[in-house]
């Protein structure tokens, strides 16, 4: 019986996968739109939406949790001062994924993920 297959492994070890998602989330919060492969975009959407939902209360617990996940102080500040007030009345659905075709080099399916404005 196979269990716990809810996440994509992205051909990485656990620590590398966590670092990849943290770096992608930092880039997404900084630029509000990034281009990546479709499986990474799908995982990033789930991860970043949980981060935004966690940051919504803007209390000390939320700030400490976000500081554990997002290391850049400027991005943390942007998350709490710009992004959280923007999504305060939304209960979810903070990201959109657009498929943009295949990458010429290896044929990987590419996607653009962006934050809803």
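The values are calculated or read from the model by the stated rules, or taken from the named source; none is laboratory data. No experiment lies behind these values; they were computed from the predicted model shown. Neighbour counts are summed over all protein chains in view; Cβ atoms, including those assigned to glycine, are modelled from backbone coordinates with ideal geometry.
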Some residue of the range 57-69 being in contact with a helix residue (DSSP H, G or I) (Cβ under 7 Å, 6 or more places away or on another chain), buried (at least 18 other Cβ atoms within 10 Å of the Cβ) and either modelled with pLDDT under 95 or not in a helix (DSSP H, G or I) (or both): no
Flag if residue 98 is without any contact (Cβ under 8 Å) to a residue 60 or more places away in the chain, over 21 Å from residue 6 (Cβ atoms) and touching a strand residue (DSSP E or B) at 6+ places or on another chain (Cβ under 8 Å): yes
All positions within the range 1-34 that are in a helix (DSSP H, G or I) and in contact (Cβ under 8 Å) with a residue 40 or more places away in the chain: 22, 25, 26, 28, 29, 30
Residue 53 surrounded by 12 or more Cβ atoms within 10 Å (Cβ to Cβ) and part of a loop (DSSP other than H, G, I, E, B): no
Qualifying position, being more than 14 Å from the chain's Cα centre (by Cα), outside any strand (DSSP E or B) and surrounded by fewer than 16 Cβ atoms within 10 Å (Cβ to Cβ), among 99, 90: 90
Test: residue in the range 35-58 that is over 19 Å from residue 7 (Cα atoms), touching a residue at least 12 places away in the same chain (Cβ under 8 Å) and in contact with a strand residue (DSSP E or B) (Cβ under 7 Å, 6 or more places away or on another chain): yes
Of all residues in the range 102-117 being in contact (Cβ under 8 Å) with a residue 12 or more places away in the chain and over 14 Å from residue 25 (Cβ atoms), the one that is surrounded by the most Cβ atoms within 10 Å (Cβ to Cβ): 111
